[in-house]
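Student: Below are the structure tokens for one structure; questions will follow.
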Amino acid sequence: MTTTLVNTDGRIWSTTHSGFVFHAFRLDADGKPVALCRKNVRPRCYTTSHDGWSTAEFADSTVGGRCERCVAKLDELTADAAPADEDEPLPQAVQDAAEGEFVVLPDADKDGRTLVWRDRDHAGVIDDEGPTMTRGRYAVWSPRAARRDGVVGFFASVDEAAEAIKSLWAPRAVQPTGNTPTCRDRAHRPSWRVVVRRANYSAFNGGRRTPSLYSLLRCGTCGGTWRTKAAYVDETPDAA
Ligand SMILES: [Zn+2]
Ligand SMILES: [Zn+2]
């Protein structure tokens, strides 16, 4: 039996009508939210009517904190899921991938989920939350996310979402500090690639894609990384 949590992005925590403690909620057979610790614990109406689900991070920052039994149940769920993953062979494309190469594949086990692999490990998870999500239907998590809850951001397409995950591995992608200099060698130009085209993924806005005049480029020869709004960006191919 699989347990379906109320949200896939970690926003599964809510208080009840009568307490300050946050419980974790799953959906029962009727699609109604019930706490992981006890079936008769229901979220307060505000949570369900306003999509007011909270992250563990938020719950921990409140007076009530998280229900210990719900935390334990959630840990069990995660532990149960892990060994099953190990038994399954990695997808062939993941096994064949070169070191540092990203592989973007639909998850064979879950509809609407796309996995981004790197070095035989999950670099990120992209979940299709449906066309009604105005914030961007594709929710992205990555172990490299700047946020503690792993959320990278919400995107309009799988491609954009995958790009956001890859940019987390780009050298100093979100902090152009000048440590990785602009490539000034014209001979390297064929190996220039656009890592993030006319946008940035700032840690300061939750990793959300923000349109920008500038693009992030990388030189495949000398490793130089720089942002530019120069016209040659249009003729420079995207990074694989
Ligand atoms: Zn609980
Ligand atoms: Zn160069």
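Student: Name the one entry in Thr78, Thr16, Thr48 that is outside any loop (DSSP other than H, G, I, E, B), over 24 Å from Lys166 (Cα atoms), hydroxyl-bearing (Ser, Thr, Tyr) and touching a Pro at 6+ places or on another chain (Cβ under 7 Å).
Tutor: Thr48
Student: Here's a follow-up. Quick one: in region 120-132, which of the residues that are of a type outside the set (Val, Ile, Thr) and surrounded by fewer than 14 Cβ atoms within 10 Å (Cβ to Cβ) is nearest to Glu99 (Cα to Cα)?
Tutor: That would be Arg120.
Student: Let me ask another. Given the residues Arg208, Arg148, which is the only one that is modelled with pLDDT under 85 and surrounded by 13 or more Cβ atoms within 10 Å (Cβ to Cβ)?
Tutor: Answer to the selection: Arg208.
Student: Of all residues in region 1-50, which are under 25 Å from Tyr138 (Cα atoms) and small (Gly, Ala, Ser)?
Tutor: Gly10, Ser14, Ala24, Gly31, Ser49
Student: Could you count how many residues in region 104-147 are over 15 Å from Leu168 (Cβ atoms) and in a loop (DSSP other than H, G, I, E, B)?
Tutor: 16
Student: Another one. So how many residues does region 16-51 have that are within 11 Å of ligand 1 (Cβ to nearest atom) and hydrophobic (A, V, I, L, M, F, W, C)?
Tutor: Residues meeting the conditions: 9.
Student: Going residue by residue through region 178-198, is there one that turns out to be more than 16 Å from ligand 2 (Cβ to nearest atom), modelled with pLDDT under 85, of a type in the set (Ser, Thr, Tyr) and within 27 Å of the chain's Cα centre (by Cα)?
Tutor: No, region 178-198 contains no residue that is more than 16 Å from ligand 2 (Cβ to nearest atom), modelled with pLDDT under 85, of a type in the set (Ser, Thr, Tyr) and within 27 Å of the chain's Cα centre (by Cα).
Student: It is to be established whether one or more residues within region 57-66 are touching a residue at least 12 places away in the same chain (Cβ under 8 Å) and under 21 Å from Met133 (Cβ atoms).
Tutor: yes
Student: Going by the conditions given, is Thr78 of a type in the set (Val, Ile, Thr) and at pLDDT 90 or above?
Tutor: Here the answer is no, as Thr78 does not meet what is asked.
The values are calculated or read from the model by the stated rules, or taken from the named source; none is laboratory data. In this text, all values refer to a predicted model and were calculated from it rather than measured experimentally. Counting neighbours? That spans all protein chains shown, and the Cβs are built from the backbone with ideal geometry, glycine included.
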